[in-house]
Amino acid sequence: MGNKFVRAIFPGSFDPITNGHLDVIKRGMRLFDELIVAVGRSPVKNQLFTPEERVEMISELIRDLPGVLVESFEGLTVQYAAKRQADVILRGLRSLTDVQYEFQLAMTNRAVAGIETVFIMTSEQYGFTSSTLIREVASLGGDLSNLIPENVHQRLEGRFSRLRAAPT
Ligand code: ADP
């Protein structure tokens, strides 16, 4: 990409971050000068972790990754991208189902803001890993140690053992 400083944002819910996300971050950091992991503060009803908790878990994981930062944002991704003067939106792809949705999203973002999206394909072993699945399996007490980082594992354990002890 020449001599220009290239800043990318990797927006998502990250509720919680998984090894699949982390894989995309580690591949993405080699392509850009700066990569900002951007935790969306969209008012989702069934969120498990607060944006602050999500940012905290991610910052523990990217501490040793040069050029990688994390923050949360509110509102439209393209507005946030403009505010941060990002050149590129980074997204991950797991399957053909992802492609359909991501294609629409990328076309829309390019149409409304002229920003390009770059996709990174997941490593085979994380092709079926989603935050939704992680939340479900964790709530039922399943072993997820291969799919999520250790700090996330511990937080999930804490969260669900408390919920199981005091069901609402
Ligand atoms: P969103 O709600 O914006 O889809 P997610 O946190 O679910 O937020 O995902 C953020 C990005 O990470 C998306 O581009 C998604 O396709 C990608 N992603 C999620 N899980 C994986 C995975 N296992 N491998 C590669 N990319 C992934």
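Throughout, read-outs are computed from the coordinates displayed, never taken from laboratory work. It should be emphasised that the depicted structure is a prediction, and the values quoted were computed from it without experimental measurement. Note that each Cβ is placed from the backbone with ideal geometry, even for glycine, and that neighbours are counted across all protein chains shown.
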**Study point:** Nitroxide proxy distance, nm - points 7 Å out along Cα→Cβ at residue 5 and residue 164
**Key:** 4.8
Practice item. Under 1.5 on a/c is rounded, so check that first for the range 1-101, then, if it is not, pick prolate when a/b is larger than b/c and oblate when it is not; a ≥ b ≥ c are the square roots of the alpha carbon gyration tensor eigenvalues. Key: rounded
Review point. Can you give the translational diffusion coefficient of the range 78-118 in µm²/s, computed by Stokes-Einstein from the Kirkwood radius over Cα pairs at 10 °C and 1.306 mPa s?
Key: 150
**Study point:** Acute angle (nearest 10 degrees) that the helix 150-165 long axis makes with the longest principal axis of the chain, alpha-carbon atoms
**Key:** 40
Study note, to complete from the structure: Between the Cα axis of helix 19-28 and the main Cα principal axis of the chain, the angle (0 to 90°, nearest 10) is 20
Exercise for review: Calculate, in whole percent, how much of the Cα-Cα pair population of the range 29-168 lies beyond 26 Å.
Suggested key: 31
Revision key, fill the gap. Here the averaged projected area of the range 101-164, based on the convex hull of its alpha-carbon atoms and given in nm², is 6.0
Revision key, fill the gap. Among 42, 17, 126, the residue whose Cα sits farthest towards the positive end of the charge dipole of the chain, when +1 is placed on the Cβ of each Lys and Arg and -1 on the Cβ of each Asp and Glu, is 42
**Study point:** Nearest 10 degrees, 0 to 90: helix 96-113 Cα axis against the chain principal axis
**Key:** 50
**Study point:** Cα centre as origin, Lys/Arg/Asp/Glu Cβ charges: the chain dipole, Debye
**Key:** 260
